[in-house]
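Everything on this sheet refers to the single structure shown next.
The values are calculated or read from the model by the stated rules, or taken from the named source; none is laboratory data. All of these numbers come straight from a predicted model, not from anything done at the bench. Here Cβ is always computed from backbone atoms with ideal geometry, including for glycine, and neighbour counts include all displayed protein chains. Please note that ligands, DNA and RNA were not included when accessible areas were found on the heavy atoms of the full protein model with its side chains. Shrake-Rupley method; radii C 1.70, N 1.55, O 1.52, S 1.80 Å.
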Amino acid sequence: MEKTWFKESKRAWIGLGSLWIVGFIGALMRFIMAFFQVQISEDLGISRGFISMAWSTNLLIAALCAPLGGWLADRYGAKNVLLFSAAMGTIGTGIVAFGHHDLLFFIGYGVICGIAGIGTTANYLLILGWFRHHRAKATGLLASASSLGLAISTPVFVSASWLTWKDAFLASFALSLIVTLPAIGFGIKGTKPPRQAAAPASERPAAHAAPRGIALQLPVLIVIAGALFTCGFNMGTVEMNLVAIHQLANVPPRIIALSMSVLGIMEITGSLVVGYLMDKIDKRIILTALYGIRIAGFSLLYGHLGWSPELFAFAFGITYLSAVPGGVLLASEYSQGKGKQTGWLLLFHQGGGILGSLAGGLSFDYFRDYQVLIGADVLLCVLAAIGYLLLYTTRNQKRKASYTFESNAG
């Protein structure tokens, strides 16, 4: 009999650890593009617009690859898709690290590293296949890898001023080759598509529930897709425009730095706390609360009050890494976690991120501020919260109606 840890297979936790290492190393790419834009522009003689175009191309290709990755994972196995994704990431960072040319930068980072996004869906499929009792906790732990990697890599490169963007890309290439590929190859069991583990009793539909046909799936998936689009739009707003929003509101640099630190701390804390709660409480009500917290956060940001930067960082940070895993886990309860569907849901999230990033620049160019952008974030969060609340109340009404019918019949 296979050994279990905390009611889950030992191999599941080993696999999660391997995925966590991969995500931790992958955070280095996120740091490079956020920290070294000016240096890259000067060294390669390219504009920041060119760098932004490479960044947008990376996101677009990754978004388009998400459904394809899901289909391939269903057909050939999630592990094989992850290996291909890691290989593409290694090749892409290697081209940039050794190329030192604007065209090679665009091809390596914008195109080939974008193709590496084909493995995003596989992570969720593996978690769904491995875990029965701690799925939300597992996704929360996995989500924390990127934030912790960013938190560690930032002070290392900031304190060592002699390290350049070329060193960062070279480190990413070497770590991918030496650590990421072996971690996937030896830490993740099997190459066949993961079997969908049975959901815990609390997550299973009641015996009287309607069949999981398209009539039941469609409204749920529309709500989840809309919420993931909203989450992506929120993230695009924050990652590309938050510092500029604070600067335009004349927030002192020390307060901006403090708020960004709070944001990073709450990202990690929120992923663990919310992951624990999602394994205990109905995901619909938790997701409703998450978007409610975002409504409050963006409303404070809109008002530019004295404590807005810190309070917004707290509110958004605690929800930052939980909305996407929560939506994917909820969808899996209705559709058995198929890869193609998960990929399409992630496509909506990526699309929202691209639009949120672009909308910030357009909003400022036209209105000379970011108020319309922040207002759009508030409105989208309101719609997402209403959607999840309707799913929750509708489910409860069906349960009460069924209970009344069975009582009368008895």
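Restricting to DSSP loop positions (anything but H, G, I, E, B) with no more than 12 other Cβ atoms inside 10 Å of their own Cβ, which chymotrypsin sites (Phe, Trp or Tyr not before Pro) remain in region 268-333? Intermediate results must be reported in sequence, preceding the final value.
Numbers: sites: TYR276, TYR291, PHE298, TYR302, TRP307, PHE312, PHE314, PHE316, TYR320; in loops: TRP307, TYR320.
Filter output for region 268-333: TRP307.
For region 91-183, chymotrypsin sites (Phe, Trp or Tyr not before Pro) are listed when DSSP marks them as loop and at most 14 other Cβ atoms sit within 10 Å of their Cβ; the list is TRP162. Picking from ILE188, THR319, PRO67, whose Cα lies most toward the positive end of the charge dipole for the chain (charges on Cβ: Lys, Arg +1; Asp, Glu -1)? So the residue we want is ILE188.
Here the simple spin-label model places points 7 Å from the Cα toward Cβ, and for LYS10 and LEU103 these points are separated by 5.4 nm. Surface exposure of the chain, expressed per residue as accessible area with a 1.4 Å probe, stands at 46 Å². Candidates TRP55, GLY353, ILE255 compared by Cα position along the dipole of the chain: farthest toward the positive end lies GLY353, with charges placed on Cβ. Residues of region 32-52 falling in the label zone of VAL156, defined by backbone nitrogen less than 14 Å from a point 7 Å along Cα to beta-carbon, are 32.
Name the longest site-free stretch of the chain, where the excluded sites are trypsin sites (Lys or Arg not before Pro) in a DSSP loop with no more than 12 other beta-carbon atoms within 10 Å. Counting at most 12 other Cβ atoms within 10 Å as exposed, the longest clean stretch of the chain is 8-194. Charge dipole (Cα centre; +1 on Lys/Arg Cβ, -1 on Asp/Glu Cβ; no other charges) of region 1-62 amounts to roughly 360 debye. Rounded to the nearest percent, how much of the accessible area of region 9-191 (1.4 Å probe, protein heavy atoms only) is carbon and sulfur? It is 70 percent, rounded to a whole number.
How much length, in nm to one decimal, is gained on full extension between TYR366 and VAL111, taken as 0.36 nm per residue of separation minus their Cα-Cα distance? Please list the in-between numbers first.
Working: separation 255, 0.36 × 255 = 91.80 nm, distance 3.05 nm.
Additional length available on full extension: 88.7 nm.
Could you give the size of the charge dipole of the chain about its Cα centre, using +1 on the Cβ of each K and R and -1 on the Cβ of each D and E, expressed in debye and rounded to the nearest 20?
Numbers: 29 positive and 18 negative charges, 334 e Å.
With Lys and Arg at +1 and Asp and Glu at -1, about 1600 debye.
First compute the accessible area of region 214-403 with a 1.4 Å probe, then give the percent of it belonging to carbon and sulfur atoms.
Details: 5940 of 8290 Å².
Percent of accessible area from carbon and sulfur atoms in region 214-403: 72.
Seen through its C-alpha gyration tensor, with square-root eigenvalues sorted a ≥ b ≥ c, the chain comes out oblate because a/c lies at 1.5 or above while a/b is not bigger than b/c.
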